[in-house]
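The values are calculated or read from the model by the stated rules, or taken from the named source; none is laboratory data. Quantities reported herein were computed from a predicted structural model and do not represent experimental measurements. Side chains included, ligands, DNA and RNA excluded: accessible areas come from the protein's heavy atoms. Shrake-Rupley method; radii C 1.70, N 1.55, O 1.52, S 1.80 Å.
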Amino acid sequence: MASVPAYTPRVTSTHAPHRPTVLFVCVHNAGRSQMAAGYLQHLAGDRVTVLSAGSEPKDQINPIAVEAMAEEGIDIAHNVPRVLTTESVKESDVVITMGCGDACPIFPGKRYEDWELDDPAGQGIESVRVIRDDIKGRVQALVAELLPAP
């Protein structure tokens, strides 16, 4: 997967930086990408626009992923898996794929990353906690890059 240099905020006026849009993509949009989106929304609030999608979305979020995130105080139970669209990639500044990078269109000027993570589908809560914690660390690092402290 092609990589673009580190994200640099666009300035839309002389007073406020552009709010970055981050898209998390996995195959089913029911586990990894939903957990990552949940963490980013929790950590960054309205300072970042958060999207998630899947190349072959399921009908519902993985219940074990919901349980693992609830342990962290983050509710993803009412999220709905969405299909990956060209438009969602175009409107994003950062696109993070998790096991389906080949399904994601590439556009110049976007930052692309592929996070190699185990799929939580069919795994027990102990395994999903390990995946969740790995995602949390990656999202925390992403927040530090996108929203550096003044």
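Under a 5 Å amide H cut-off, with hydrogens placed 1.01 Å from N, Phe24 pairs with Leu51, Ser52, Ala53, Ile96 among residues at least 5 apart or on other chains.
Could you look at the chain and say what percent of its accessible area is carbon and sulfur, using a 1.4 Å probe and all protein chains? Of the solvent-accessible surface of the chain, carbon and sulfur hold 51 percent. In the elastic network of the chain, a GNM with C-alpha springs shorter than 10 Å, the most mobile of Ala68, Ala53, Ala103 is Ala103. His42 exposes around 110 Å² of accessible area when a 1.4 Å probe is run over every protein chain in place. Accessible area per residue for the chain, computed on protein heavy atoms with a 1.4 Å probe, is 52 Å².
Of all DSSP beta bridges confined to the chain, the antiparallel ones make up roughly 5%.
Using only the alpha-carbon atoms, how far is helix 125-146 inclined from the longest principal axis of the chain? Give it as 0 to 90 degrees, nearest 10. Taking Cα atoms only, the helix is inclined about 0 degrees. Run the 1.4 Å probe and let me know the accessible area of Ser127, rounded to the nearest 10 Å². Its heavy atoms expose roughly 50 Å² to the probe. Tilt of helix 32-44 relative to the longest C-alpha principal axis of the chain, in degrees (0 to 90, nearest 10)? The angle comes out at about 50 degrees. When Lys90, Lys136, Lys110 are compared by accessible surface with a 1.4 Å probe, the order from highest to lowest is Lys90, Lys136, Lys110.
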